[in-house]
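Worksheet for the structure shown next.
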Amino acid sequence: MKVDTMRKIDRWAGMPLCLLLSVLFWLWELVFKPAKKPAKKVLFLELSEMGSAIIADPALRYVKAQPDAEVHFAIFKKNVASLHLLNTIDEANLYTFREDNLFTLVWDTLRFMVWCRKKGIDTVIDMEMFSRVSALLSRVTGAVNRIGFVAYHSEGLYRGNFLTRPVVYSAHQHIAKNFMALSHTAMMTEEQLPFCKSLITDDDIQLAQAPRDEAAIEQVQATLKSLYADYTPGQRVVLINPNASDLLPQRRWPAMHFQAVIEDLLARYSDILVVITGAPGEYAGAQALCEAVGNPRCVNSAGKFAFKQLVPLYFVADMMLTNDSGPGHFSAVTPLRTFVIFGPETPALYSSLGNSTALYLGLACSPCVSAANHRKTDCVDNRCVKDLLPAQALAAIHPHLDRIEAQPT
């Protein structure tokens, strides 16, 4: 389904369903009064963003480290590959929803209700912020402990009265710390108002690192060799990711800016190979950029690397320049140096947890999207990224590549 279609379903179907289920479950609990249980079988709900599944990993590991706790995860099928980068969740504990159309989503929801009961889910953590679909899913799990974000006295979307432990969503803390607050709340034995009064430090959201697989790296190097015959293992590789998801196209830096950066790097460093990355559906745009550069040391790899090959590719590369999108977060499980372009969203909340530098102008209108507005903006002139000039990006990139070049071999 298109993103706007999903937003409309969430609004027009979600609101009455949230109200209806709130009333029905309120009546049910008046009669049956479910007993409280400690959090043992914990389900995380994070449906729509692949990058968020990476950012949430410290929160998953926190719960997994608790005595007798077992972690489960539910996500859209198209995004599940992001969970395989670190394999924190056992395959048997993953549930995927198809978002092809409304019928499959409804059918998978019915299957999900059965799956949760077979797994004995007692606690659900809704990591979506102000999404009615995830709120409804959290309620039909049958879990007696339901943790998620609420606006409290701030403005926010109506999502029913499902949560047993509502957590303050802080717009002043990195989203990884907000996710960790959900995990802390789930495992607490005390009641708080409001949740969560834990101190969560930068050390608490350190991301785990993927193992280095030499066989997989050799396969990546073979693919690079097929794209550029003169490539040799050890040659410096610069990755360029000019793509961003359809969820927020305003995040895309202009192609001519990427072109200017690539041309500068190729002229300045005679030893580098520039590799434009992307999914198979992004091949045409990557090829157009590659042809505009017109240099044999700039190659198009869109569709050439499977998702599972991204981690070994990041181990091979020396740096990456990317829009604010999935690769900036996927690469955080490796030591790769990244430079990420922000505009409609703020790096203060959504920056990569890896070895990363945010490139951000911070215009008066930025950020214009947030979880509270479903990442929906009326902007048709994304000056927040267009006015970030190639020279500004290069000023950050040059010192990194100069330092690598100066190191003795």
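Miscellaneous remarks
Conditions (1) closer than 28 Å to residue 351 by Cα; (2) assigned to a loop (DSSP other than H, G, I, E, B); (3) hydroxyl-bearing (Ser, Thr, Tyr), marked per residue:
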site: 223; (1), (2), (3): no, no, yes
site: 231; (1), (2), (3): no, yes, yes
site: 239; (1), (2), (3): yes, no, no
site: 244; (1), (2), (3): yes, yes, no
site: 250; (1), (2), (3): yes, no, no
site: 285; (1), (2), (3): yes, no, no
site: 289; (1), (2), (3): yes, no, no
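- The stretch 258-283 - residue that is open to solvent by 20 Å² or more (accessible area, probe 1.4 Å), in contact (Cβ under 8 Å) with a residue 24 or more places away in the chain and not basic (Lys, Arg) and, of those, farthest from residue 345 (Cα to Cα): 271
For every residue, the table says whether it meets (1) among the hydroxyl-bearing types (Ser, Thr, Tyr); (2) more than 30 Å from residue 335 (Cβ to Cβ); (3) in contact (Cβ under 8 Å) with a residue 12 or more places away in the chain; (4) open to solvent by less than 50 Å² (accessible area, probe 1.4 Å).
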{"site": "70", "(1), (2), (3), (4)": "no, yes, yes, no"}
{"site": "74", "(1), (2), (3), (4)": "no, yes, yes, yes"}
{"site": "87", "(1), (2), (3), (4)": "no, no, no, no"}
{"site": "104", "(1), (2), (3), (4)": "yes, yes, no, yes"}
{"site": "114", "(1), (2), (3), (4)": "no, yes, no, no"}
{"site": "117", "(1), (2), (3), (4)": "no, yes, yes, no"}
{"site": "120", "(1), (2), (3), (4)": "no, yes, yes, yes"}
{"site": "131", "(1), (2), (3), (4)": "yes, yes, yes, yes"}
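- Strands (runs of 3 or more DSSP E) wholly inside the stretch 311-387 containing at least 1 residues that are of a type in the set (A, V, I, L, M, F, W, C) and touching a residue at least 40 places away in the same chain (Cβ under 8 Å): 319-323, 337-341
- Restricting attention to the stretch 173-209, the residues being in a loop (DSSP other than H, G, I, E, B) and in contact (Cβ under 8 Å) with a residue 60 or more places away in the chain number 7.
- Candidates 305, 315, 342 - the one that is over 24 Å from residue 403 (Cα atoms), among the aromatic types (Phe, Trp, Tyr) and open to solvent by 10 Å² or more (accessible area, probe 1.4 Å): 305
- Pairs where the first residue, in the stretch 55-68, is in a loop (DSSP other than H, G, I, E, B) and the second is surrounded by 22 or more Cβ atoms within 10 Å (Cβ to Cβ), C-beta under 8 Å, 6+ apart: 56/44; 56/46; 56/127; 56/176; 56/179; 66/39
- From the list 16, 38, the one residue that fits, being surrounded by fewer than 18 Cβ atoms within 10 Å (Cβ to Cβ) and in a helix (DSSP H, G or I), is 16.
- Filter pass, residue 297 being open to solvent by 20 Å² or more (accessible area, probe 1.4 Å) and basic (Lys, Arg): yes
The values are calculated or read from the model by the stated rules, or taken from the named source; none is laboratory data. Just so we're clear, the structure is a prediction, and the values are computed from it rather than from any experiment. We place every Cβ from the backbone using ideal geometry, glycine too, and count neighbours over all the protein chains shown. Accessible surface is based on the protein model in full, side chains and every heavy atom, while ligands, DNA and RNA are left aside. Shrake-Rupley method; radii C 1.70, N 1.55, O 1.52, S 1.80 Å.
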